[in-house]
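The values are calculated or read from the model by the stated rules, or taken from the named source; none is laboratory data. The model shown is predicted, which means the values in this text are computed figures rather than measured ones. Note: ideal-geometry Cβ built from the backbone for every residue, glycine included; neighbour counts use all protein chains shown.
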Amino acid sequence: MSAGKELQQSSSGVIAAPGQVPSGVQPPPPAQESPGLWTLAWRRLRQDTVGMVSLVIVVFFLVMIAASYFGLIAKDWNREKGVSYANPSFLAGAENLEAKAMAEKAAAAKSPPVDLSDVDPLAPRYKEWEERAAKIAVTETKRAETLPFGGDKWGRDVLQKAVKGAEVSIFVGLLAALLAVSIGTMLGAAAGYFGRWVNDLLEWFYNIFTSIPYILLILSFAAVAAATGKFGKGIVPIVLILSLTGWTGIYRLIRAEYIKHGSREYVKAAQAIGASNFSRMFHHILPNVSHVALVQLSQHTVSFIKAEVILSFLGFGVPVDMVSWGTMLAEAQNELVIGKWWQLAAAGASMAILVTAFSLFTDSLRDALDPKLK
Amino acid sequence: MTAYVIRRLWQMIPTIAGVILLIFFLFNWVGGDPAQVLAGKISNPEQIANIRRQLGVDQPYWYQLLVFVKQVFTFDFGRSWSTNEEVSHILLTRVGPTLTIMVPVLIIETSLAVLFAIMVAYVRGSLTDRVIMIVCTTAMSISFLVYIIVFQWLFGFVLGWFPVQGWSESFVRNLTSYAPLPIMLAVAVGLAPELRLYRSFFLDEINQDYVRTARAKGLPEKAVMMKHVLRNAMIPILTNLGILLPGVFVGSFLLEVFFSIPGLGREIITAVNRSDFPVIKAVTVYLAILTMVVNLVVDVMYKFVDPRVSFK
């Protein structure tokens, strides 16, 4: 779009230049600016009820993870504030055998142990230690019997965990998708624009990456990342794994767009006025294909969120001190057998809602940006 | 056609070389020194040097690459780093269970998806069509993990219709007792995306002129759909099957992990967990080659499905 505008401006600039307007001819009234691609797309999207509803849900999730990132909500998700497997508030009456067993265990530990003072070499010092221990102030936290949506094994609030898990999962998905789209766009632009040996080389790359089954490619990267630790710490490895293996589809689409646009008149015109290769690639063509990249970004965010959940479940994803939907589901597997279904429900449902909304929004976005497809 | 196949095989060489290079780069160069992984945390420098010599990682990179290329072509990847089992033996024994699960899955899933898709496409735009599409979209957004956890719990633990997990020596027992639940799960989960995809293939065909002609000359609806539409939609369906086919050999690694099926998928997960590079390298290289061969076979099969296709 920007290229088109530039051309319009430069040509009207020539006409309006002083001395070139024939005298006696009124300058034409300024033409009403025609709406651009993004304005039109937004208008189309606004009419799409499903698209708008899903957009609202997606924005809600994004606001929620932003709030949790800045510590406004779910700040103390890691605090053990309930009894083990605390019931959800709406199931307050249900029996909690696990918590009872834990309490009994704790009580048993407190009762005086068997007297072993004649054989225990440390026995004479117990009294001294007890006195010293008594001086240290210990605050006994009262553990809640129920939590809004139940608790996990350590009595952490499942609802807060789900919020925090959403933050990690969505953040990983978005970041990986951004990186994958950047890689795919760069390589696709280079291959499509320059053609010839650059194209051959990158096509070779593409063939290599796509001939290895996707899941094996991911696991190979994960194996190396896990064994060497060279991919960084925290969520960095999983983001790198997903994006370094997931750029191929984007590359192919962007490449096709660049081949199509490379021979168009506006690019030739840009060349004529002396725009460099870089400028033609990224200032002139890129804005015209950015809608393809945007749809890809949206699509890949969804698939990377799903992939992150599975990888984290298998233990190749986020580290153990973080919580994501995947690690929650990993815990849920054993909890379900003892009848504690709420963690599974919280992680599974929040993920399903987000993924449904995100995929429907992606469809609407594609329709809005490219009405020819419909 | 022979010339076409030979040329395609010829074109595979650079890609195979690239795959070998990529795997080598990843595991030998980025992966670097595995001796420390193997020796564990407590080890003396002498032990590490010994292991390095055994694995050949003290050699220059060009020599390591040469060894790797030789391994690929002699099918001899040496022994697993963690179990000392021969890698070729691991691959051969693990393929069976994977195929026991995945071949029925592919057959059932594809036939059901084609059948439902053609039915849904026939009543396109109706309430049935829209409801099924919404159900599919929702079903696709639930994580595979949730399906496995819930189904395994429900059918294996609560209802007790199937064993929760396990595997035996006998093929018949595996197929009748241990395999049904994983197969059912894979079909249930795989059906929704495929149904959606195949429906779009059928919709592309259903509005074509030849369908109108077939109706105009008085063919019954069944013949129109099953003979004319189905055969034309077979081309994109075949392409999709070609994409799915190599995955059959990796299996659904999640299913294998959950149901303790000693297949390739679970083997890979274990190998990744143990940093057992030879196993991962071997599986990756051979499956990449297999994928290329399958793609070629699919391209040749187009000819039989669509006589208009000519090999250039």
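Restricting B:Asp204, B:Asp209 to those that are of a type in the set (D, E, K, R), surrounded by 12 or more Cβ atoms within 10 Å (Cβ to Cβ) and either farther than 16 Å from B:Leu115 by Cβ or within 14 Å of chain A (Cβ to nearest Cβ) (or both) reduces the list to B:Asp204. In the stretch A:330-356, of all residues being closer than 15 Å to A:Gln160 by Cα and either at the interface with chain B (Cβ under 7 Å from one of its Cβ atoms) or of a type in the set (Asp, Glu) (or both), the one that is surrounded by the most Cβ atoms within 10 Å (Cβ to Cβ) corresponds to A:Met351. Residues considered: A:Lys153, A:Lys142, A:Lys161. Of these, the only one that is basic (Lys, Arg), more than 30 Å from A:His283 (Cα to Cα) and free of Cβ contacts under 8 Å to residues at least 24 places away in the same chain is A:Lys142.
For the stretch A:333-342, the set of residues classified as part of a helix (DSSP H, G or I) and either closer than 20 Å to A:Ile238 by Cβ or of a type in the set (D, E, K, R) (or both) consists of A:Glu335 only.
Please determine whether any residue of the stretch A:154-174 is hydroxyl-bearing (Ser, Thr, Tyr) and either in a helix (DSSP H, G or I) or at pLDDT 80 or above (or both). The answer is yes; a qualifying residue exists.
Yes or no: the stretch B:213-232 includes at least one residue that is within 11 Å of chain A (Cβ to nearest Cβ) and surrounded by fewer than 18 Cβ atoms within 10 Å (Cβ to Cβ).
Scanning the stretch B:213-232 turns up no residue that is within 11 Å of chain A (Cβ to nearest Cβ) and surrounded by fewer than 18 Cβ atoms within 10 Å (Cβ to Cβ).
Taken together, the criteria exclude B:Ile289 from residues that are modelled with pLDDT of 80 or more, in contact with a helix residue (DSSP H, G or I) (Cβ under 7 Å, 6 or more places away or on another chain) and facing chain A (nearest Cβ under 7 Å).
Scan the stretch B:215-230 and give yes if some residue there is touching a Cys at 6+ places or on another chain (Cβ under 8 Å), closer than 22 Å to B:Leu112 by Cβ, part of a helix (DSSP H, G or I) and not hydroxyl-bearing (Ser, Thr, Tyr), otherwise no. No, the conditions are met nowhere in the stretch B:215-230.
Considering only the stretch B:58-82, how many residues are surrounded by 14 or more Cβ atoms within 10 Å (Cβ to Cβ) and among the hydroxyl-bearing types (Ser, Thr, Tyr)? The number of residues fulfilling the criteria is 2. The residues of the stretch B:144-177 that are modelled with pLDDT of 80 or more and either assigned to a helix (DSSP H, G or I) or within 9 Å of another protein chain (Cβ to nearest Cβ) (or both), listed by number, are B:Phe144, B:Leu145, B:Val146, B:Tyr147, B:Ile148, B:Ile149, B:Val150, B:Phe151, B:Gln152, B:Trp153, B:Leu154, B:Phe155. Within the stretch B:162-173, residues that are under 17 Å from A:Gln333 (Cα atoms) have Cβ atoms under 6 Å from residues that are aliphatic (A, V, I, L, M) and part of a loop (DSSP other than H, G, I, E, B) in no pair, counting only partners at least 6 apart in sequence or on another chain. Within the stretch A:265-293, being free of Cβ contacts under 8 Å to residues at least 24 places away in the same chain and charged (D, E, K, R) holds for A:Glu265, A:Lys268.
Kindly indicate whether B:Ile134 is within 14 Å of chain A (Cβ to nearest Cβ), buried (at least 20 other Cβ atoms within 10 Å of the Cβ) and assigned to a helix (DSSP H, G or I).
no
Would it be correct to say that A:Gly262 is over 28 Å from the mean Cα position of the chain (by Cα) and at pLDDT below 85? Yes; evaluated as a whole, the condition is true for this residue.
Among the residues making up the stretch A:363-373, those that are away from chain B (no Cβ under 11 Å) and either at positive phi or surrounded by 17 or more Cβ atoms within 10 Å (Cβ to Cβ) (or both) are A:Ser364, A:Leu365, A:Arg366, A:Asp367, A:Ala368, A:Leu369. The residues of the stretch B:294-312 that are over 18 Å from B:Ile237 (Cα atoms) and not polar (S, T, N, Q), listed by number, are B:Phe311, B:Lys312. Which residues, counting only those in the stretch B:267-286, are within 7 Å of another protein chain (Cβ to nearest Cβ), crowded, with 24+ Cβ neighbours inside 10 Å and either among the acidic types (Asp, Glu) or without any contact (Cβ under 8 Å) to a residue 40 or more places away in the chain (or both)? If the condition is that a residue be within 7 Å of another protein chain (Cβ to nearest Cβ), crowded, with 24+ Cβ neighbours inside 10 Å and either among the acidic types (Asp, Glu) or without any contact (Cβ under 8 Å) to a residue 40 or more places away in the chain (or both), then B:Ile268, B:Val272 are the ones that fit.
Between A:Gly348, A:Gly317, the distinction of being assigned to a loop (DSSP other than H, G, I, E, B), closer than 30 Å to B:Leu154 by Cα and of a type outside the set (A, V, I, L, M) belongs to A:Gly317 only.
Please work out if B:Met301 is assigned to a helix (DSSP H, G or I), of a type in the set (A, V, I, L, M) and away from every other protein chain (no Cβ under 13 Å). Here the answer is yes, as B:Met301 does meet what is asked.
Would you check which residues across the stretch A:192-215 are of a type in the set (Lys, Arg) and at the interface with chain B (Cβ under 10 Å from one of its Cβ atoms) and list them? Those that are of a type in the set (Lys, Arg) and at the interface with chain B (Cβ under 10 Å from one of its Cβ atoms): none in the stretch A:192-215.
Residue pairs whose Cβ atoms lie under 7 Å apart, separated by 6 or more positions or on different chains, with the first residue in the stretch B:3-31 and over 14 Å from B:Phe68 (Cβ atoms) and the second assigned to a loop (DSSP other than H, G, I, E, B) and modelled with pLDDT under 85, are B:Tyr4/B:Phe311; B:Val30/A:Lys230.
Name every residue in the stretch B:122-131 that is in a helix (DSSP H, G or I) and either within 20 Å of B:Glu205 (Cβ to Cβ) or touching a strand residue (DSSP E or B) at 6+ places or on another chain (Cβ under 9 Å) (or both), in order of residue number.
Once the filter is applied, which keeps residues that are in a helix (DSSP H, G or I) and either within 20 Å of B:Glu205 (Cβ to Cβ) or touching a strand residue (DSSP E or B) at 6+ places or on another chain (Cβ under 9 Å) (or both), the stretch B:122-131 yields B:Tyr122, B:Thr128, B:Asp129.
Residue pairs whose Cβ atoms lie under 8 Å apart, separated by 6 or more positions or on different chains, with the first residue in the stretch B:96-110 and under 18 Å from B:Leu195 (Cα atoms) and the second of a type in the set (D, E, K, R), are B:Glu109/B:Glu194; B:Thr110/B:Glu194. Report, by residue number, each residue of the stretch B:141-175 that is more than 30 Å from A:Phe361 (Cβ to Cβ) and out of contact with any Phe, Trp or Tyr (no Cβ under 8 Å at 6 or more places or on another chain). If the condition is that a residue be more than 30 Å from A:Phe361 (Cβ to Cβ) and out of contact with any Phe, Trp or Tyr (no Cβ under 8 Å at 6 or more places or on another chain), then B:Trp153, B:Leu154, B:Phe157, B:Val158, B:Leu159, B:Gly160, B:Glu169, B:Ser170, B:Phe171, B:Val172, B:Arg173, B:Leu175 are the ones that fit. Between A:Ile218, A:Ile238, A:Ile250, A:Ile254, the distinction of being within 14 Å of chain B (Cβ to nearest Cβ), among the β-branched types (Val, Ile, Thr), surrounded by 24 or more Cβ atoms within 10 Å (Cβ to Cβ) and touching a residue at least 12 places away in the same chain (Cβ under 8 Å) belongs to A:Ile238 only.
Does B:Val272 satisfy the criteria of being of a type in the set (A, V, I, L, M, F, W, C) and closer than 11 Å to B:Leu91 by Cα? Here the answer is no, as B:Val272 does not meet what is asked. When B:Ser80 is tested against (1) at pLDDT below 70; (2) within 14 Å of chain A (Cβ to nearest Cβ), just one condition goes unmet, and that condition is (1). The number of residues in the stretch A:184-217 that are more than 15 Å from B:Thr291 (Cβ to Cβ), part of a helix (DSSP H, G or I) and not hydroxyl-bearing (Ser, Thr, Tyr) comes to 19. Considering every residue within the stretch B:237-252, establish whether at least one is under 21 Å from B:Ile108 (Cα atoms), within 13 Å of chain A (Cβ to nearest Cβ), aromatic (Phe, Trp, Tyr) and in a helix (DSSP H, G or I). Yes, the conditions are met somewhere in the stretch B:237-252.
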